[in-house]
1. Scan the range 54-81 for residues that are surrounded by 12 or more Cβ atoms within 10 Å (Cβ to Cβ) and either among the β-branched types (Val, Ile, Thr) or touching a residue at least 40 places away in the same chain (Cβ under 8 Å) (or both) and report the count.
2. Taking the residues in the range 29-42 that are touching a helix residue (DSSP H, G or I) at 6+ places or on another chain (Cβ under 7 Å) and among the β-branched types (Val, Ile, Thr) as candidates, determine which candidate is nearest to ALA2 (Cα to Cα).
3. Can you tell me which of ALA68, ALA2 is at pLDDT 95 or above and of a type in the set (Gly, Ala, Ser)?
4. Hey, among GLU13, GLU8, GLU26, which residue is assigned to a strand (DSSP E or B) and out of contact with any helix residue (DSSP H, G or I) (no Cβ under 9 Å at 6 or more places or on another chain)?
5. Counting only residues that are closer than 29 Å to VAL39 by Cα and either charged (D, E, K, R) or not in a helix (DSSP H, G or I) (or both), how many does the range 61-96 have?
6. Which residue is farthest from GLN12 (Cα to Cα), if the candidates are limited to the range 43-52 and must be part of a helix (DSSP H, G or I) and either touching a residue at least 24 places away in the same chain (Cβ under 8 Å) or in contact with a helix residue (DSSP H, G or I) (Cβ under 9 Å, 6 or more places away or on another chain) (or both)?
7. Scan the range 85-93 and tell me whether some residue there is modelled with pLDDT of 95 or more and not hydrophobic (A, V, I, L, M, F, W, C).
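The values are calculated or read from the model by the stated rules, or taken from the named source; none is laboratory data. Everything numeric here is computed off the predicted structure, so don't read it as measured data. Don't worry about glycine lacking a Cβ; one is built from the backbone with ideal geometry, like all the others, and counts go over all protein chains shown.
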Amino acid sequence: MADVIRVEIYDQEYRMRGDLDPGYIEDLAKIVDGKMRAVAERTQTVDSLRVAVLAALNLADECQQLKAKYETVAKEADARVGECARCLDQILDLGV
């Protein structure tokens, strides 16, 4: 059974259990805590639920932007691999 990991997010303690590395879970908690604190500072909101929802929206936006960037880079890489394969086929067809 997985150990209980205690993390603090926005001054609240959470006990988590999972198969992930405890250090990784702590790092995730620090990211969420930092995002919540940044949102609270920018919006002057004291309602922790509202802060959590806005932080989640910010994190989702970051995730979507990274996903779009990844997809663009993956398409470019696929195109370059295809171009390299065509060049290699031409070289092999020439019998060089």
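1. Counting residues in the range 54-81 that are surrounded by 12 or more Cβ atoms within 10 Å (Cβ to Cβ) and either among the β-branched types (Val, Ile, Thr) or touching a residue at least 40 places away in the same chain (Cβ under 8 Å) (or both) gives 0.
2. Step one: of the range 29-42, the residues touching a helix residue (DSSP H, G or I) at 6+ places or on another chain (Cβ under 7 Å) are 32, 35-36, 39-40.
Imposing the further condition that a residue be among the β-branched types (Val, Ile, Thr) reduces the set to 32, 39.
Numbers: VAL32: 22, VAL39: 32 Å.
Ranking the candidates gives VAL32 first.
3. Numbers: ALA2 fails: at pLDDT 95 or above.
That would be ALA68, the only listed residue that is at pLDDT 95 or above and of a type in the set (Gly, Ala, Ser).
4. Working: GLU8 fails: out of contact with any helix residue (DSSP H, G or I) (no Cβ under 9 Å at 6 or more places or on another chain); GLU26 fails: assigned to a strand (DSSP E or B).
Among GLU13, GLU8, GLU26, only GLU13 is assigned to a strand (DSSP E or B) and out of contact with any helix residue (DSSP H, G or I) (no Cβ under 9 Å at 6 or more places or on another chain).
5. Of the residues in that region, 5 qualify.
6. Our first condition is that a residue be part of a helix (DSSP H, G or I); within the range 43-52, this holds for 43, 48-52.
Add one more test, that the residue is either touching a residue at least 24 places away in the same chain (Cβ under 8 Å) or in contact with a helix residue (DSSP H, G or I) (Cβ under 9 Å, 6 or more places away or on another chain) (or both), and what stays is 43, 48, 50-52.
Details: THR43: 20, SER48: 10, ARG50: 15, VAL51: 13, ALA52: 12 Å.
Among residues in the range 43-52 that are part of a helix (DSSP H, G or I) and either touching a residue at least 24 places away in the same chain (Cβ under 8 Å) or in contact with a helix residue (DSSP H, G or I) (Cβ under 9 Å, 6 or more places away or on another chain) (or both), the one farthest from GLN12 (Cα to Cα) is THR43.
7. There is no residue in the range 85-93 that is modelled with pLDDT of 95 or more and not hydrophobic (A, V, I, L, M, F, W, C).
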